[in-house]
Each structure stands twice: as structure tokens, then as C-alpha cells.
Amino acid sequence: MIIDLRSDTVTKPTKGMLDAMMHAQVGDDVFREDPTVNELESKMAAMFGKESALFFPSGTMANQTAIKLHTNPGEQVICDKYAHIYNYESGGASFNSGVSCKLIDGKRGMFTAEQVKEAINPDDYYYSKTSLVEVENTTNKGGGACWDFNEILKIRKVCDENNLGFHLDGARLWNALIETKQTTLQYGKVFDTISVCLSKGLGCPVGSVLVGDAKIMKDALRIRKIFGGNMRQAGYLAAAGIYALDNHVERLKEDHKKAKEIGELLSDLSVVKSVEPIETNIVIFELNDDVDDKKFVENLAGKEIFIIPMGGKKLRMVTHLNYNATMHEKFLTILKSNSF
Ligand SMILES: Cc1ncc(COP(=O)(O)O)c(C=O)c1O
């Protein structure tokens, strides 16, 4: 039995999801004639209380489009040093939009309104113009941490006072909402644009959506086209998204519970130095200095358990839809044996 905990992106569609995909009504989305894509976009826009939503093939493209919508070349985006847009989007912010990132030294991928204030460049011609603040919730490199919504509200105020756009990378926003009992409408009110992924915790094979009001989203279609993101009968994929929104959100609690149970046993392992607080489905832990992380990962792989290194002695595991109860029981038994 293979236990793949490298990411929540390794999931395969469930039978119910495949059925929904097989029965989807489709059309040419480049002509905006795919009824299922249109349904997903309307549903998402309504969920967030926004005027517009656009379906994307990836979270990266949705984020990159948002950066392009909010900025002009030469300008600057404020984000955390752990941000996905800075670390894991292949330098896309500079390549696609010609912007630089001002990195905040936050905690677990999160920062404060005060730190944002300090990061805004003065309004002198020799500075890069600050134009966007980007937040990630939950934070990926930060170990699935959830933002304090009050801090987000304070950052919104700073954005308003300084005429800055406010974008949320909500690849795992669903995990945060389930955990904090907040709503999509609350988030829609605060952010100018939000990207959400269907292909992470929600278990779709492909798909992300960018939401925002009509004014900011005006050029989103054109930018998606420039990035090569136009799709034709994409309704088959959108159907998976609609199915996931209706069936896979509540169950994220199970992933969070499993992650916490893994974390508790990990912290008892003699080879483990520390386990970061576990709030959602991501477990990041650090091995003792004298433990070879490569060997640790290989040892687990030998037992058909796959996890990924995060640099240094840090390792990451992510629970998900396809990590079932049997796998969990087996993995907990291995962890209890402390044979590493
Ligand atoms: C926080 C975050 N944002 C964006 C993305 C990008 O999503 P995609 O892999 O669909 O491009 C990821 C992917 O893991 C992510 O974790």
C-alpha cells in the first residue's frame, strides 16, 4: 500500500467526481459558451460576493494574472518571504509583470499591518512604486497556518490608506475556512482579488478560479489568453470543481484531524527535534542535527511512505482525500514503533 503524503495535489478524482465530469454539458469556452464553466464561475463569484470569476488551469496562472491586473512594470509587491508567488512560481512576478517583491520577515508566512506599513516605499521617484499586498491563506511553506482575520482587516485598512491592491492566494483557503469557521463572503469583502484552487484539498485533477469585481477583472480574460490559459471544452474540469465544492469541503476536517494525530506521534520520535504547530492539513517537522534527512526520507520510501524535504532538516507531509483511514492506521503504527 503506497502512502503518498508529499502533497494534497496527488489526489485522483473519486467515482462521484468522475461521474460528474462524464455527464458535464460542455461548449467552447474560448467563445464563453461552456455552460459548466459558466456555472462554476457564477457559483464562485456568488460564493465570494464578487461580480466576476474566471476559471484557470492552475493556481500559478491565477496568481500571476492577479499580479498583472494590479501592477505595472517596475512596481513592487509586498509579500511574505515564504510566499508561493515569490518562491515557487518560477520568478513569474518579474517575468510576467516586471515587478519586484518586497519581502516581509513574517512568522510562518504571515505578517502584521505594521510590517506592511514599514514595507511601503516612500513616494519619491527613485523608489519602486508599491502597488500590491499579497497574502497566502493557509500558508504552504508556513505549515498550513491560518491567518488571524482581524490582522487581515487591519492590512486592508493600510491598503486603502495607501491606494494598494490586496490579493489573496487562497490555494488552501478552504482548509482555513473550515478550521476558523469563517466564510467566503467575509473574505470576498476584504480582498480585491482572490485565487482559490480546486486541485489541492478539494481533490480535483485541475483547476483554480480567480474572483474579483468587474473593474479589476476587466482584463483578466485577455491576460489569461496571453499566458496561454484559454481552454476549450473545459466544462469537464469545471464539473469536477462544482462537485468538489458541493462534496469535498466539509470533509477537510478529517484531513486536519489526521495531520494532528501524525504530528503528536512525530513529536515523540527520538530523531525529531520539533514539529511546527499543526492547524490544517500540512505537517512540517525538523529532524535532529545529527540525523541524515535524505536517509530518513529514503527509509520511509522503503516502507512505501512518501514525504518531501523542505530544505535544511525540515520535512513536510500533507494529508488529503486519498489518504484514507487504513493508510492512516498503518502510518500511525509505523510512527509508534519509533524505528527510524
Ligand atoms: C499556496 C499556493 N499557491 C499557489 C499554488 C499554485 O498552484 P498550481 O500548482 O495549481 O499552479 C500552490 C501549489 O501548490 C500553493 O501551494
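The values are calculated or read from the model by the stated rules, or taken from the named source; none is laboratory data. Everything numeric in this text was worked out from a predicted model, so none of it was measured. Using ideal geometry, Cβ is built from the backbone for each residue, glycine included, and neighbour counts are taken over all protein chains shown.
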- prompt: Can you name the residue in the range 198-229 that is surrounded by fewer than 24 Cβ atoms within 10 Å (Cβ to Cβ) and within 12 Å of the ligand (Cβ to nearest atom) and, of all such residues, is nearest to Met17 (Cα to Cα)?
  reply: Pro205
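For residues that are among the hydroxyl-bearing types (Ser, Thr, Tyr) and farther than 25 Å from Val158 by Cα, scanning just the range 87-116, find the one that is surrounded by the fewest Cβ atoms within 10 Å (Cβ to Cβ).
Keep residues of the range 87-116 that are among the hydroxyl-bearing types (Ser, Thr, Tyr), which gives 88, 90, 94, 97, 100, 112.
Filter again for farther than 25 Å from Val158 by Cα, leaving 88, 90.
Values: Tyr88: 13, Ser90: 11.
Across the range 87-116, the extreme among qualifying residues is Ser90.
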statement: Filter the range 311-330 for residues that are without any contact (Cβ under 8 Å) to a residue 40 or more places away in the chain and part of a helix (DSSP H, G or I); the one that is farthest from the chain's Cα centre (by Cα) is Glu329
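Condition first: among the basic types (Lys, Arg), within 16 Å of the ligand (Cβ to nearest atom) and at pLDDT 95 or above. Can you find one or more residues in the range 168-184 that meet it? Write out each step before concluding.
Initial filter on the range 168-184 (among the basic types (Lys, Arg)): 172, 181.
Still in the list and also within 16 Å of the ligand (Cβ to nearest atom): 172.
Okay, now just the ones that are also at pLDDT 95 or above, so 172.
For the range 168-184, residues among the basic types (Lys, Arg), within 16 Å of the ligand (Cβ to nearest atom) and at pLDDT 95 or above: present.
Let's see how each residue does on (1) over 30 Å from Phe95 (Cβ atoms); (2) acidic (Asp, Glu); (3) in the same structural domain as Glu179 (by TED's automatic domain parsing):
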position: Asn230; (1), (2), (3): no, no, yes
position: Asp268; (1), (2), (3): yes, yes, no
position: Phe285; (1), (2), (3): yes, no, no
position: Lys303; (1), (2), (3): yes, no, no
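Among the residues of the range 51-102, how many are among the polar types (S, T, N, Q) and touching an Asp or Glu at 6+ places or on another chain (Cβ under 6 Å)?
Narrowing the range 51-102 to residues among the polar types (S, T, N, Q): 52, 58, 60, 63-65, 71-72, 76, 87, 90, 94, 96-97, 100.
Now drop any that are not touching an Asp or Glu at 6+ places or on another chain (Cβ under 6 Å), which leaves 60, 63.
Number satisfying all stated conditions: 2.
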query: Scanning for something touching a strand residue (DSSP E or B) at 6+ places or on another chain (Cβ under 6 Å) and crowded, with 23+ Cβ neighbours inside 10 Å, does the range 259-270 turn up at least one residue?
result: yes
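Is it true that Val77 is in contact with a Ser or Thr (Cβ under 7 Å, 6 or more places away or on another chain), under 22 Å from Asn163 (Cα atoms) and free of Cβ contacts under 8 Å to residues at least 40 places away in the same chain? Even if it seems obvious, please write down each step before you answer.
Numbers: in contact with a Ser or Thr (Cβ under 7 Å, 6 or more places away or on another chain): yes; under 22 Å from Asn163 (Cα atoms): yes; free of Cβ contacts under 8 Å to residues at least 40 places away in the same chain: no.
In short, no.
Does Met1 qualify as being more than 25 Å from Lys225 (Cα to Cα) and hydrophobic (A, V, I, L, M, F, W, C)? Before the answer, list the steps.
Working: more than 25 Å from Lys225 (Cα to Cα): yes; hydrophobic (A, V, I, L, M, F, W, C): yes.
When the stated conditions are applied, Met1 passes them.
Can you tell me which residue among Leu269, Leu335, Leu245 is part of a helix (DSSP H, G or I), in contact (Cβ under 8 Å) with a residue 12 or more places away in the chain and farther than 26 Å from Leu18 by Cα?
Details: Leu269 fails: part of a helix (DSSP H, G or I); Leu245 fails: farther than 26 Å from Leu18 by Cα.
That would be Leu335, the only listed residue that is part of a helix (DSSP H, G or I), in contact (Cβ under 8 Å) with a residue 12 or more places away in the chain and farther than 26 Å from Leu18 by Cα.
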